[in-house]
1. Here are Thr218, Thr231, Thr195: which of them is under 26 Å from Arg105 (Cβ atoms) and either touching a residue at least 12 places away in the same chain (Cβ under 8 Å) or of a type in the set (S, T, N, Q) (or both)?
2. Looking at segment 263-273, is at least one residue in contact (Cβ under 8 Å) with a residue 12 or more places away in the chain and within 16 Å of the chain's Cα centre (by Cα)?
3. Tally the residues that are farther than 19 Å from Lys126 by Cα and buried (at least 24 other Cβ atoms within 10 Å of the Cβ), restricting the search to segment 201-240.
4. Among (1) in contact with a helix residue (DSSP H, G or I) (Cβ under 6 Å, 6 or more places away or on another chain); (2) within 20 Å of Leu204 (Cα to Cα), which single condition is Gln276 missing?
5. Could you identify the single residue in Leu235, Leu230, Leu226, Leu239 that is outside any helix (DSSP H, G or I) and among the hydrophobic types (A, V, I, L, M, F, W, C)?
6. Out of curiosity, is Leu219 part of a helix (DSSP H, G or I) and on the phi < 0 side of the Ramachandran plot?
7. Just one of the numbered conditions (1) within 30 Å of Pro274 (Cα to Cα); (2) modelled with pLDDT of 50 or more; (3) among the basic types (Lys, Arg) is not true of Arg159; which one?
8. Which of the residues belonging to segment 49-70 are of a type in the set (S, T, N, Q) and at pLDDT 95 or above?
Amino acid sequence: MPQLPLRLRKAQVAKPGVLKTRDSQPTGEAARAEPQPAPFFPLARYASVTVVHACLLGFTALYLPRTSLSFFTSLSILETRPETSAPGDEVPSDALYLLTSSPVRTAAWLCAGALLLQPWWAAWMKSWSREASLQLKSDRNAADVSKHKLERSVINSQRVAAIKHASLTTSAASLGFYAVIVLFGAPLASHALHTYFLSLLLALLIAWTPAYILGAPTLGSSTEALVIRLTWIRLFAELRPRTPIERAMVYPAVGAVFGCWSGAIPIGLDWERPWQAWPLTPAYGAIMGYTIGSLAAFAMSTVLWLAETDVLSQPFKAAKQTKSKHR
């Protein structure tokens, strides 16, 4: 076996610890691997806002249509009698009677309540999305910080434009839902206002929040328009949300559609009850499905966040155990 030159043998004898240290160090990707921080997920705020939002939707559905302060009551076009009542029917309770005496007025109140709640919910979701994007840029330098300050002023100036785009998208979606509901068998000539209020309620529940956060989908050829359009397709056509924010948009939308479709089933029964009037059961089914979907999105995101946090915390625990052993 050939021997090493005398100079190399002296170097090995003089510095044995250096070679051992170099050999013991990890190479390649293992040396560069570092534990990643846990993803940004405001669990406490998300839980509180979700519960408040669900409670306010319930308040809108059960209390607002019963109030006597409604300006809708002064409009003769919205003053109708129970459409499924018969002379031999029992007189319902006061609360049920106020909800079912004028179905179109009740549907209008549901739309008014959703018009107040959904912009607030979308604004909170937008702030959450902005904080999550800032966490990904936590290692930026001073130039990036000053750039972010400039972007914040731009975001504030674009808030009105976002509301405008969300309003236009919701209006277009209401017309689309109207056509779909009519194709599913809704009355076209006799209950046009009833059907449109139901379609407007679905548009407010489903389209406002993603249009405010993601932007309005267009057929433009720019990169931004293409990204927005593909994101809408991935979320609402393929049903593949990837983040908690996307789940908070997709799950309630699916729940609202399924609840509205399920709510139309009792109308076909021959019970002839006042609450079977069109479009009460589909409207309340949409709100109930939206609420269940919102709670399901919160539960799923919480479980995934806890699991991901536990996995990401393993390198930190291993590093602490290694340091304690060396001590």
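The values are calculated or read from the model by the stated rules, or taken from the named source; none is laboratory data. Everything numeric in this text was worked out from a predicted model, so none of it was measured. Don't worry about glycine lacking a Cβ; one is built from the backbone with ideal geometry, like all the others, and counts go over all protein chains shown.
1. Answer to the check: Thr195.
2. Scanning segment 263-273 turns up no residue that is in contact (Cβ under 8 Å) with a residue 12 or more places away in the chain and within 16 Å of the chain's Cα centre (by Cα).
3. 2
4. (2)
5. Leu239
6. It is false that Leu219 is part of a helix (DSSP H, G or I) and on the phi < 0 side of the Ramachandran plot.
7. So the condition that Arg159 fails would be (1).
8. Correct list: Thr50 only.
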